[in-house]
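The values are calculated or read from the model by the stated rules, or taken from the named source; none is laboratory data. On a predicted model such as this, the values are computed, not experimentally measured, just so you know. Here the Cβ positions follow ideal geometry from the backbone for every residue, glycine too, while neighbour counts run over all protein chains shown. Please note that ligands, DNA and RNA were not included when accessible areas were found on the heavy atoms of the full protein model with its side chains. Shrake-Rupley method; radii C 1.70, N 1.55, O 1.52, S 1.80 Å.
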Amino acid sequence: MTIRGAVLDVDGTVLRGSDPIPGADEGLATLADAGVDRLFCSNNPTKEPAAYAERFARAGFAVDPEEVLTS
């Protein structure tokens, strides 16, 4: 089986506030090394994907706004 993509929850899975969850960096690096596309999801409709990309950047992660889906 080939895994082409991963859907990741933002809050409590990758980030807590603007801080990375322990191990998130290793998990995201593993996905990148395997060539797996990422989709970060949030059920918070008050923030635009660009705001999430900025939040990820503050935590040290490069995430494109197009990789973020909010409710």
Count of the range 1-54 residues which are closer than 15 Å to Thr70 by Cα and acidic (Asp, Glu):
4
With the requirement that a residue be open to solvent by less than 40 Å² (accessible area, probe 1.4 Å) and not hydroxyl-bearing (Ser, Thr, Tyr), what does the range 40-50 give you?
Phe40, Cys41, Pro49
Looking at Ala59, Ala6, which is the one that is surrounded by 17 or more Cβ atoms within 10 Å (Cβ to Cβ) and under 11 Å from the mean Cα position of the chain (by Cα)?
Ala59
Filter the range 19-34 down to residues that are in a loop (DSSP other than H, G, I, E, B) and either open to solvent by less than 50 Å² (accessible area, probe 1.4 Å) or at pLDDT 95 or above (or both), then give me how many there are.
3
